Each structure stands twice: as structure tokens, then as C-alpha cells.
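Single-structure report; data block below.
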Amino acid sequence: MKISANELRVGIVIEYKGKLWTVCKLQHVKPGKGGAFMQTELKAIKGGTKLNERFRSDENLERVRLDEEEYQLLFKEGDDYTFMNMSTFEQIHISKDIIGEPAKFLQDNMIVTVTSYSGEIIGVLLPDTVTMEVIEADAVVKGQTATSSYKSAVLENGVRILVPPHIEAGTKIIVNTIEGTYVERAK
């Protein structure tokens, strides 16, 4: 489907230079001299390389529609994860390389969205947040509570993140899976 550069939005997937790209950042620029253009930061779906590109406002681009289906994580075996389609009960194996950094937040029986293009799996979207337990937290340094300070903590999956001083080992917290950051204490 063709769209003009003015219709670009963050998160849209386009086909450009023979590859699939996700629009990460976008800025409409209208210089004093010359025509307006869209300054974009594109991220390749395969490989993750980034590209800064300018598109004239009247330029047409090919928007790509991705197929999305819900799957449930069954188990992990080495660097491969086995998922089950929630509607057909078909099982698929996806490599950790395709999932990327968020793979460290996958939990048993988690429902994820698997995206594919022309029958080829290109990504796995986790829920925005997950609840995890802190298994180790640094001690609070006395006198640091006057300012907004954070301390280091290790989660049940072995990931080290920064948490507020009141979080102790054994506390369940909510973590952002995209950025790998503390959101709030779990209820």
C-alpha cells in the first residue's frame, strides 16, 4: 500500500531499499528555503541497523502490513523458544536472535504477539510490562534519601536494573520489557 511521506507515523513498517524498516523517530521540517521534508530514523527489522533518511513531503513510500497472531510460550530449549498458537494450537520454534533483548523477560505461559511478513516470522512483541521478583538488592547508603536516588538490584531472571531505595530482596516489582526499567512496586 502506497502512502505519502506526510502520512508516516512512529511504529509504521515500510519497505525501502529492498528491506523492511520500522519508523523509530520522525520530524516534519519546513526550511525557510526549499520544500518541506520528513526527517526519519528507520530501524531494520532484520539486523536492527539504523538509518537516518529524508523524504520529500510528496514522495510515496510502500507501507507494509504485518500479520500478527497471539501465541503462548510453552518452554525454552537452549536458544530456541517453543510457542503455541492460541487459536490453532500449532506449535512453532523461534530463535532468541529473532526475539532480541526482550527475550530475557519471557516467562512460562506468557502470551505474546508474533509478527510475520509473507509467512516469515520477523519479531515477537512481549506485553509492555511484567511482574518480577527482586532476589538481591544493594544496601541503601545513609543520607542519600534527600535526592531521588536509585540502587542496583538483581531480578529472578538474572537481569540487573536500578530500583528506588525502598525496594528490598523478595519484593515483586513491575518492569518495562521494552526499556528494561523499574515501573512500580507490584500490588
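Of all the residues that make up the stretch 164-184, how many are out of contact with any Pro (no Cβ under 9 Å at 6 or more places or on another chain), part of a strand (DSSP E or B) and among the hydroxyl-bearing types (Ser, Thr, Tyr)? It would help to see each step written out before you state the result.
Of all residues in the stretch 164-184, those out of contact with any Pro (no Cβ under 9 Å at 6 or more places or on another chain) come to 164-176, 179, 181, 183-184.
So of that shortlist, the ones also part of a strand (DSSP E or B) come out as 172-176, 181, 183-184.
Filter once more, keeping what is among the hydroxyl-bearing types (Ser, Thr, Tyr): 181.
So the answer is 1.
Kindly provide the set of residues from the stretch 71-91 that are within 23 Å of residue 178 (Cβ to Cβ) and part of a strand (DSSP E or B), ordered by number.
Quick first cut of the stretch 71-91, residues within 23 Å of residue 178 (Cβ to Cβ) only: 71-73, 76, 79-81, 83, 86.
Once the filter is applied, which keeps residues that are within 23 Å of residue 178 (Cβ to Cβ) and part of a strand (DSSP E or B), the stretch 71-91 yields 71, 72, 73, 76, 80, 81, 83.
Take the residues in the stretch 15-27 that are buried (at least 16 other Cβ atoms within 10 Å of the Cβ) and farther than 15 Å from residue 39 by Cβ; name whichever of them is nearest to the chain's Cα centre (by Cα). If you could, list the steps in order and put the result at the bottom.
The initial filter retains those residues of the stretch 15-27 that are buried (at least 16 other Cβ atoms within 10 Å of the Cβ), namely 16, 20-23, 26.
After this cut, where a residue has to be farther than 15 Å from residue 39 by Cβ as well, the list is 20, 22.
Details: 20: 16, 22: 12 Å.
Per the criteria, the residue is 22.
For every residue, the table says whether it meets (1) touching a Ser or Thr at 6+ places or on another chain (Cβ under 9 Å); (2) open to solvent by less than 70 Å² (accessible area, probe 1.4 Å); (3) farther than 25 Å from residue 93 by Cβ.
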| residue | (1), (2), (3) |
| --- | --- |
| 110 | no, yes, no |
| 125 | yes, no, no |
| 163 | yes, yes, yes |
| 174 | yes, yes, yes |
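If you go through the stretch 97-108 one residue at a time, how many are under 17 Å from residue 180 (Cα atoms) and either open to solvent by 20 Å² or more (accessible area, probe 1.4 Å) or without any contact (Cβ under 8 Å) to a residue 12 or more places away in the chain (or both)? Lay out the reasoning, then the answer.
Going residue by residue through the stretch 97-108, those that are under 17 Å from residue 180 (Cα atoms) are 99-107.
This time we only want the ones that are either open to solvent by 20 Å² or more (accessible area, probe 1.4 Å) or without any contact (Cβ under 8 Å) to a residue 12 or more places away in the chain (or both), so: 100-102, 104, 106-107.
Result for the stretch 97-108: 6.
Okay, residues lined up against (1) surrounded by 12 or more Cβ atoms within 10 Å (Cβ to Cβ); (2) polar (S, T, N, Q); (3) over 20 Å from residue 22 (Cα atoms):
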| position | (1), (2), (3) |
| --- | --- |
| 77 | no, no, yes |
| 92 | yes, no, yes |
| 95 | yes, yes, yes |
| 113 | yes, yes, no |
| 122 | yes, no, no |
| 131 | yes, yes, yes |
| 150 | yes, no, yes |
| 167 | yes, no, yes |
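If a residue must be part of a loop (DSSP other than H, G, I, E, B), closer than 21 Å to residue 18 by Cα and either in contact with a helix residue (DSSP H, G or I) (Cβ under 9 Å, 6 or more places away or on another chain) or small (Gly, Ala, Ser) (or both), how many such residues does the stretch 29-45 contain?
In the first step, residues of the stretch 29-45 are kept if they are part of a loop (DSSP other than H, G, I, E, B); the result is 30-36, 45.
After this cut, where a residue has to be closer than 21 Å to residue 18 by Cα as well, the list is 45.
Within this subset, residues satisfying the condition of being either in contact with a helix residue (DSSP H, G or I) (Cβ under 9 Å, 6 or more places away or on another chain) or small (Gly, Ala, Ser) (or both) are none.
Qualifying residue count for the region: 0.
The values are calculated or read from the model by the stated rules, or taken from the named source; none is laboratory data. Quick caveat: nothing in here was measured; it's all calculated off a predicted structure. Please note: Cβ atoms are built from the backbone with ideal geometry, for glycine as well, and neighbour counts cover all protein chains shown. Side chains included, ligands, DNA and RNA excluded: accessible areas come from the protein's heavy atoms. Shrake-Rupley method; radii C 1.70, N 1.55, O 1.52, S 1.80 Å.
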